[in-house]
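Novice: First the structure, which I've put down as structure tokens, then a few questions once you've had a look.
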Ligand SMILES: [Zn+2]
């Protein structure tokens, strides 16, 4: 699933290409209108007609188009892609939504597994109610993290995956950040020391910033633009490296299940 760096990569790409465009219409080439939630296609069109895109940004794993009035949001989930051109004509069967702009250019929402969603709204209060702090914002300080960890008697990995705690982290970058900080994924948040918490804060931010600079991690599904891949996979320290030597100590990396997610860690560097 695309996480913060991959979503940011898509936002950066789209910003260059479609900010300023006016929307003529939206349709669903494969008729998968559940992509719009409870909104009918007519309602979507009424909402979007003649609106233009003033800005594109990210909040958590959501892509937000700020319109001159209201917002259009995409969540890519597992396999959603926002592309300006379809690589193959027959891929239209995977396109749940297509925006047409007044210069006749188009934006396709291609989603093979169909878990992605599109939202239309006049304000973003519902989103703010759902999402926790942005890990790259100036409000996310190491003091903030330590203060909030101390109040949680939950295992650290599921806590960091919880979008209402910190928005945008997912399986890959949580494993990488916990390794960086030397924290076991099953550690109870409230038992993490101030020193470890500082290291975790540093790990979260450096892993995310480096992954954004590499345009995300492509493992199976992620691509952006005209099928470009992210390069962060080469820089991963432990994710996807079960039984390979830990870059810190040389011992084999272990893989376990935590909160139903495949979780990588070094049993020597990351003690409970
Ligand atoms: Zn190690």
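The values are calculated or read from the model by the stated rules, or taken from the named source; none is laboratory data. Predicted, not measured: the structure shown is a model, and the values here were computed from it. So basically every Cβ, Gly included, is an ideal-geometry build from the backbone, and we count neighbours across all protein chains shown.
Novice: What is the one condition in (1) surrounded by fewer than 19 Cβ atoms within 10 Å (Cβ to Cβ); (2) at pLDDT below 95 that residue 130 does not satisfy?
Specialist: Looking at each condition in turn, residue 130 falls short on (2).
Novice: Out of all the residues in region 188-242, which are in contact with a strand residue (DSSP E or B) (Cβ under 8 Å, 6 or more places away or on another chain) and free of Cβ contacts under 8 Å to residues at least 12 places away in the same chain?
Specialist: Those that are in contact with a strand residue (DSSP E or B) (Cβ under 8 Å, 6 or more places away or on another chain) and free of Cβ contacts under 8 Å to residues at least 12 places away in the same chain: none in region 188-242.
Novice: Quick check: is even one residue across region 109-116 free of Cβ contacts under 8 Å to residues at least 60 places away in the same chain, more than 21 Å from residue 211 (Cα to Cα) and surrounded by 20 or more Cβ atoms within 10 Å (Cβ to Cβ)?
Specialist: Checked against the condition, which is being free of Cβ contacts under 8 Å to residues at least 60 places away in the same chain, more than 21 Å from residue 211 (Cα to Cα) and surrounded by 20 or more Cβ atoms within 10 Å (Cβ to Cβ), region 109-116 yields at least one hit.
Novice: Working only within region 237-250, note down all residues that are near the ligand (Cβ under 10 Å from one of its atoms) and farther than 21 Å from residue 161 by Cα.
Specialist: Scanning region 237-250 gives 245, 246, 247, 248, 249, 250.
Novice: Take the residues of region 39-90 that are surrounded by fewer than 16 Cβ atoms within 10 Å (Cβ to Cβ) and over 21 Å from residue 24 (Cβ atoms): which is nearest to the chain's Cα centre (by Cα)?
Specialist: 77
Novice: Taking the criterion of being within 15 Å of the ligand (Cβ to nearest atom) and under 24 Å from residue 163 (Cα atoms), would at least one residue in region 228-236 satisfy it?
Specialist: Yes: region 228-236 contains one or more residues that are within 15 Å of the ligand (Cβ to nearest atom) and under 24 Å from residue 163 (Cα atoms).
Novice: While we're here: Scan region 251-260 and give yes if some residue there is away from the ligand (no atom under 16 Å from the Cβ), at pLDDT 95 or above and either touching a strand residue (DSSP E or B) at 6+ places or on another chain (Cβ under 9 Å) or not in a loop (DSSP other than H, G, I, E, B) (or both), otherwise no.
Specialist: Looking for residues that are away from the ligand (no atom under 16 Å from the Cβ), at pLDDT 95 or above and either touching a strand residue (DSSP E or B) at 6+ places or on another chain (Cβ under 9 Å) or not in a loop (DSSP other than H, G, I, E, B) (or both), one finds at least one in region 251-260, hence yes.
Novice: Okay, next question. Answer yes or no as to whether residue 206 is within 22 Å of the chain's Cα centre (by Cα), loosely packed, with under 14 Cβ neighbours inside 10 Å, part of a loop (DSSP other than H, G, I, E, B) and away from the ligand (no atom under 16 Å from the Cβ).
Specialist: Working: within 22 Å of the chain's Cα centre (by Cα): yes; loosely packed, with under 14 Cβ neighbours inside 10 Å: yes; part of a loop (DSSP other than H, G, I, E, B): no; away from the ligand (no atom under 16 Å from the Cβ): yes.
Here the answer is no, as residue 206 does not meet what is asked.
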